[in-house]
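For reference, the structure is listed below as structure tokens.
The values are calculated or read from the model by the stated rules, or taken from the named source; none is laboratory data. None of the values given here were measured: they were computed from a predicted structure. Here Cβ is always computed from backbone atoms with ideal geometry, including for glycine, and neighbour counts include all displayed protein chains.
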Amino acid sequence: MPLSLLILDDDPDICSLYRSAFLEEGFSTSVASNLDQAKMLMRQKVYHGALTDIFLHNQDGVEAMKELIRISPRTHFFSFTGHESINLAVEAMRAGASSFFPKSIGYHKIVEMVKSKLDPGHDLTCEEKSGTFESLNLIGHSSAMKKIFSQINQFKEVDSNLLITGESGTGKEVVARAIHKLSRRSQGPFEAINCGAIPETLLESELFGHRRGSFTDAKTDKIGLFEFCSEGTLLLDEIGDMPLPLQVKLLRVLQEKEVRPLGATRSVPINPRIIACTHRNLGELVKMRRFRQDLLFRLSVLNIH
């Protein structure tokens with residue numbers, strides 16, 4: 001039975017080009033020029049994959065994809081666009097796309113990438129793998145994206161602490177997840193926690209864990225994220241917003257490689273890879289005495305900006 005694919009793009013030339021290319025690869029292919037057509041087609045059959053443009057005339061392509069996912073959650077969704085941007089990639093993948101392709105890489109490579117995702121028996125050539133950084137699900141040839149890919153390749157095999165900085169919405173967590181997926185820890189857990197969105201006492205419990213009875217609502221023992229991620233990666237998001245008292249405790253964890261859950265009498269050895277992210281200038285926070293210099297030193301063994 002051939003693989004089936006739905007193509008959603010408001011440019012008829014693009015639809016025709018990709019339809020022909022996928023037909024040559026043995027796909028059963030349908031095309032839609034707007035969301036209503038795509039919804040109608042998806043209600044008639046379950047497609048193996050859907051290739052949707054992020055920019056549609058008078059429609060939000062990301063929201064359109066969300067609607068289609070609700071209709072057919074078993075379908076693998078791929079986003080493509082003529083606009084190459086990390087922000088767009090993050091937005092598309094958060095909405096449910098398994099991969100994001102700028103059209104600038106050429107339709108031959110996009111067809112190969114989609115086929116490799118949908119057909120486990122199909123493999124890419126070495127050139128295609130290295131040229132498009134397939135494992136990240138982020139494809140691009142701009143200088144900015146090439147720099148990020150190079151840094152990810154450089155840092156994936158080391159366990160040193162990593163600090164990722166950049167404006168909000170620039171894909172810091174996507175980069176962290178990519179590093180985890182490519183590392184020797186990929187079979188272990190990846191957990192992310194926002195250090196600025198949780199009250200201090202709850203944040204401490206989430207990170208360190210607690211023993212039953214250590215505080216009023218502690219009905220059972222709880223394993224903290226430091227311990228849970230010992231064979232994986234822990235992402236400390238918005239580390240610049242972490243309260244100073246917890247910064248002291250985090251510093252000790254990084255130095256001693258052990259934690260003491262709340263209410264416990266003994267420390268527990270841990271070995272997670274720590275990645276921290278922030279949109280803030282930590283150097284300025286150090287000058288303002290809102291962030292510890294020694295903690296910044298420990299966190300920023302490796303840097304991506």
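Let's see how each residue does on (1) assigned to a helix (DSSP H, G or I); (2) without any contact (Cβ under 8 Å) to a residue 40 or more places away in the chain; (3) of a type outside the set (S, T, N, Q); (4) out of contact with any helix residue (DSSP H, G or I) (no Cβ under 7 Å at 6 or more places or on another chain):
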{"position": "252", "(1), (2), (3), (4)": "yes, yes, yes, yes"}
{"position": "265", "(1), (2), (3), (4)": "no, yes, no, yes"}
{"position": "276", "(1), (2), (3), (4)": "no, no, yes, no"}
{"position": "280", "(1), (2), (3), (4)": "no, no, yes, no"}
{"position": "285", "(1), (2), (3), (4)": "yes, no, yes, no"}
{"position": "291", "(1), (2), (3), (4)": "no, no, yes, no"}
{"position": "294", "(1), (2), (3), (4)": "yes, no, yes, no"}
{"position": "297", "(1), (2), (3), (4)": "yes, yes, yes, yes"}
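All of 135, 79 fail the test of being modelled with pLDDT of 75 or more and not assigned by TED's automatic domain parsing to the domain that holds residue 183, apart from 79. Residue-level check: of (1) of a type in the set (A, V, I, L, M, F, W, C); (2) modelled with pLDDT under 85; (3) in contact with a His (Cβ under 6 Å, 6 or more places away or on another chain), residue 215 misses just (3). Selection over segment 162-194 of residues that are more than 12 Å from the chain's Cα centre (by Cα) and among the β-branched types (Val, Ile, Thr) gives a count of 3. Scanning segment 150-198 for residues that are surrounded by 15 or more Cβ atoms within 10 Å (Cβ to Cβ), in contact with a strand residue (DSSP E or B) (Cβ under 6 Å, 6 or more places away or on another chain) and of a type in the set (Gly, Ala, Ser), we see that the one that is modelled with the lowest pLDDT is 176.
One line per residue, one yes/no per condition, for (1) charged (D, E, K, R); (2) free of Cβ contacts under 8 Å to residues at least 24 places away in the same chain; (3) in contact with a Phe, Trp or Tyr (Cβ under 9 Å, 6 or more places away or on another chain):
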residue: 3; (1), (2), (3): no, no, yes
residue: 29; (1), (2), (3): no, no, yes
residue: 39; (1), (2), (3): yes, no, no
residue: 50; (1), (2), (3): no, no, yes
residue: 53; (1), (2), (3): yes, no, yes
residue: 62; (1), (2), (3): no, no, no
residue: 67; (1), (2), (3): yes, no, no
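Somewhere in segment 24-41, is a residue assigned to a loop (DSSP other than H, G, I, E, B), within 18 Å of residue 66 (Cα to Cα) and not β-branched (Val, Ile, Thr)? Scanning segment 24-41, I find at least one residue that is assigned to a loop (DSSP other than H, G, I, E, B), within 18 Å of residue 66 (Cα to Cα) and not β-branched (Val, Ile, Thr), so the answer is yes. Of the listed requirements (1) crowded, with 16+ Cβ neighbours inside 10 Å; (2) within 20 Å of residue 157 (Cβ to Cβ), residue 251 misses just one: (2). Condition first: among the charged types (D, E, K, R), at pLDDT below 95, at negative phi and in contact with a Phe, Trp or Tyr (Cβ under 8 Å, 6 or more places away or on another chain). Can you find one or more residues in segment 252-261 that meet it? Yes, some residue in segment 252-261 is among the charged types (D, E, K, R), at pLDDT below 95, at negative phi and in contact with a Phe, Trp or Tyr (Cβ under 8 Å, 6 or more places away or on another chain).
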